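Working notes, structure below.
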Number of protein chains: 2
Amino acid sequence: MIPVSEARTRILSALHPTPAEIVPLAEAWNRVTAAPVHARLTQPPRDVSAMDGYAVRADDATLGARLRVVGAAPAGHPWVGVLGAGEALRLFTGSVLPDGADGIVIQEDTNRDGDWVGITEAAAVGRHIRRAGQDFAAGDVLLPAGKRLGARDIGLAAAGNHPWLTVHRRPRIAILATGDEIAMPGEPIPAGGIVSSNSHALAALVRAAGGDPVVLPVVADDRAALMAVADAVAGMDMLVTTGGASVGEHDLVQEALGARGLKIDFWQIAMRPGKPLMFGQLGPVAMLGLPGNPVSSLVCAILFLVPAITVLVGLPPAPPPTMQARLGASVPANDHRADHLRATLALGSDGGLMVTPFPRQDSAMLRTMAQAAALVLRAPNAPALAEGAAVEIIRLDSAGL
Amino acid sequence: MIPVSEARTRILSALHPTPAEIVPLAEAWNRVTAAPVHARLTQPPRDVSAMDGYAVRADDATLGARLRVVGAAPAGHPWVGVLGAGEALRLFTGSVLPDGADGIVIQEDTNRDGDWVGITEAAAVGRHIRRAGQDFAAGDVLLPAGKRLGARDIGLAAAGNHPWLTVHRRPRIAILATGDEIAMPGEPIPAGGIVSSNSHALAALVRAAGGDPVVLPVVADDRAALMAVADAVAGMDMLVTTGGASVGEHDLVQEALGARGLKIDFWQIAMRPGKPLMFGQLGPVAMLGLPGNPVSSLVCAILFLVPAITVLVGLPPAPPPTMQARLGASVPANDHRADHLRATLALGSDGGLMVTPFPRQDSAMLRTMAQAAALVLRAPNAPALAEGAAVEIIRLDSAGL
């Protein structure tokens, strides 16, 4: 058996980001940049006013001075000309400072009287002026390559005058449920069969991680049908299988696709829930074989599949983010397999996070898995811990999990 | 001026969730249930084995007993018959327990010899059996109404045999940028003009919150064109405007749409960045008017628009989630307006979050806003704080912001 971290490292080191494509700015949200985004203009493009007020020559705008108002320049309507001695120009926030001016007197420090304005607070050179390029200058790197684009990044790329962005293509992830006993929701269920939940949960997880799921038809435990999957995944970036339970986990998939050139490692992972994991290459397509049990499948997907997709979308390889919390109940000593206890989260009396494992951790209980707000990570052979002890957790209550 | 929390309360109390629609299970991820999801079957449907091994009558399967193996029942292929005295049935994890059996002997505790199996550890009634309905029973509420569906919820709904789910319709949010000086990225920029960043940033934010953005063409500061917007927003759930700066913020929008029946509150909010905010109703369409400044627009969108969309998608009204962090640098006393300092996040030496405001907080610096990992919330008239003091923050480095 190999540890969770070793299995993850092997998987992530075998994967590469998808190639780049060009997408409209409006569709680039949540995608990952494949090239740096440089500013195509300078912002602000000229010196502009930071306030509503008057552009002046600071030498003129002394306390008590009266200046002649030569016009107004709303933002977007720059005044053409050169501000002369004894003159002032009405400005608003964002208005371009006219040539000749070197200061701003804010509205509150003036008395307007027809074409004249009285100064009640002396101007200072440069005061209330936003200099050209204060936000960014043409050529600046606004966004580096390898950044997942949030709403603010989209705004920044727009401000930098980019109608298109170069991002990594969404990875296409084929999802294959196998097993004689599997029925799709709403379809006839064979005697002793169960309704497929893995494919749909995994497809949603793929979406949450930034991939495009392609759910393949369920394949019964049939060698020829399994072999044909090798053709169905042409053009995919990854094939994810969940083993049927009617034959030894993964055995038939491994054997049938082996005949189609699958190069695979089959690992027993020292973890619970979930233990057998396959990883390899089916020609150019990476393949990840998850357990058939729905809870094990989900836990393994969170530990291995989501980080794998994260690499495919263009982000650096990394384990799932963890954080600290305090136990709301004691936990027993752990055996030799890393455990992932399904747990609830609450705020403790000290304002910190308190995590309480469900009393029953049966891997057949999908409802408990769906209701869990966190997984408590228990290392192999970890000692018993009392209520209040600090533990490492993976939060499940965000990120679409 | 009114406080941020009062403005938000007024906005959220005026909004209602969108009506329900039916969507395929595969498209329900991240949507919010509009009705409880009841289990349509019992899981497991029958008593099943929790292990690989043999179904037995526990009275027979004593230490040293030899039982006759009458067949095998892979998962998905239940055995038909009644297990008799002295008989055993080969089972696998998930296999249905045959009638007549009341115990399981796990594989490791047996010696198989042709049609016979020797027992090396006595069976106990009920041991290693998952009872029918252990996960859920037909009729159980698997998911309540008003739940945002994560990947695990999709799996649970599938397991409950639901090919369709009843969810709230995605709210359609019209986004209108106004102003003579606004150009779309890649299009000709008028003299003194700027490239529109608000519309795209807000559209991405709407997506992140679960809405469908509809970006309207930019409207210049023209009364007739603004009045026509009232027709363009028919069928929308909300209109979000960002004011041009060339005329008093919001003035022209308020006046032109007022002539089309806009019932509105215009508020000065005691906050920075951002101050003027509009909220009201244009017939059946809620309207939110954000500041034109890109940083102010984004901060106000995070404080008001995202919570508004959250109500529209079917979740309970709530402020943006906040958490505690320690200051990485001192901050000065605050004036009478709540401030929202753009800041970086790091892990402090104690493993806790350390938040450090950017030295320069100019509301014209969109790049700083895009690079910020958090907003530090500074209450009106909050005292100066030293490095290391605890502050409340809104994280920006997740949730697609």
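A few comments on the model shown:
- Segment A:345-401: number of residues that are in a strand (DSSP E or B) and more than 14 Å from chain B (Cβ to nearest Cβ): 9
- Yes/no for B:Thr322 being among the hydroxyl-bearing types (Ser, Thr, Tyr), under 14 Å from B:Ile175 (Cβ atoms) and touching a residue at least 24 places away in the same chain (Cβ under 8 Å): no
- Filter result for the condition that a residue is in contact with a strand residue (DSSP E or B) (Cβ under 9 Å, 6 or more places away or on another chain), in the same structural domain as B:Thr242 (by TED's automatic domain parsing) and in a strand (DSSP E or B), over B:Pro213, B:Pro185, B:Pro190: B:Pro213
- Total residues in segment A:162-182, condition within 11 Å of another protein chain (Cβ to nearest Cβ), part of a strand (DSSP E or B) and small (Gly, Ala, Ser): 1
- Any hit, segment A:4-17, residues being assigned to a loop (DSSP other than H, G, I, E, B) and either closer than 18 Å to A:Asn161 by Cα or of a type in the set (D, E, K, R) (or both): no
- Taken together, A:Ala224, A:Ala228 contain a single residue that is modelled with pLDDT of 90 or more, farther than 22 Å from A:Ala286 by Cβ and not in a loop (DSSP other than H, G, I, E, B), which is A:Ala224.
- Only one of B:Thr110, B:Thr93 that is more than 22 Å from A:Asp362 (Cβ to Cβ), polar (S, T, N, Q) and surrounded by 14 or more Cβ atoms within 10 Å (Cβ to Cβ): B:Thr110
- Of residues in segment B:287-328 being more than 20 Å from the chain's Cα centre (by Cα) and over 29 Å from A:Ala157 (Cβ atoms), the one surrounded by the most Cβ atoms within 10 Å (Cβ to Cβ): B:Leu327
- When restricted to residues that are over 30 Å from A:Leu401 (Cα atoms) and not charged (D, E, K, R), segment B:369-401 contains 11.
- Filter result for B:Asp335 (at pLDDT below 90 and surrounded by fewer than 23 Cβ atoms within 10 Å (Cβ to Cβ)): no
- A:Tyr54 meets each of the listed conditions (1) assigned to a strand (DSSP E or B); (2) modelled with pLDDT under 95; (3) buried (at least 19 other Cβ atoms within 10 Å of the Cβ) apart from (2).
- Meets criteria (buried (at least 22 other Cβ atoms within 10 Å of the Cβ), in contact (Cβ under 8 Å) with a residue 12 or more places away in the chain and of a type in the set (A, V, I, L, M, F, W, C)) for A:Val82: no
- Test for A:Leu142: is it closer than 29 Å to B:Pro188 by Cβ, outside any loop (DSSP other than H, G, I, E, B), under 29 Å from the mean Cα position of the chain (by Cα) and of a type outside the set (Val, Ile, Thr): yes
- Residue satisfying all of: in segment A:193-210; in contact (Cβ under 8 Å) with a residue 60 or more places away in the chain and not in a helix (DSSP H, G or I); nearest to the other protein chains (Cβ to nearest Cβ) among these: A:Ser197
- So A:Gly155, is it facing chain B (nearest Cβ under 7 Å) and within 18 Å of A:His200 (Cα to Cα): no
- Filtered residue count, segment B:151-193, keeping only those that are closer than 22 Å to B:Pro24 by Cβ and in contact with a Ser or Thr (Cβ under 9 Å, 6 or more places away or on another chain): 16
- Scanning segment A:14-46 for residues that are within 12 Å of chain B (Cβ to nearest Cβ) and not aliphatic (A, V, I, L, M) returns A:Pro24, A:Glu27, A:Trp29, A:Asn30, A:Arg31, A:Arg40, A:Thr42, A:Gln43, A:Pro44, A:Pro45, A:Arg46.
- Evaluation of B:Gly274 against (1) in contact with a Gly (Cβ under 8 Å, 6 or more places away or on another chain); (2) at positive phi; (3) within 14 Å of chain A (Cβ to nearest Cβ) (one fails), failing number: (1)
- Failed item, numbered, when B:Asn111 is tested on (1) within 14 Å of chain A (Cβ to nearest Cβ); (2) farther than 22 Å from A:Ile182 by Cα; (3) of a type outside the set (Phe, Trp, Tyr); (4) without any contact (Cβ under 8 Å) to a residue 12 or more places away in the chain: (1)
The values are calculated or read from the model by the stated rules, or taken from the named source; none is laboratory data. Since we're looking at a predicted model, the values are computed, not measured. Using ideal geometry, Cβ is built from the backbone for each residue, glycine included, and neighbour counts are taken over all protein chains shown.
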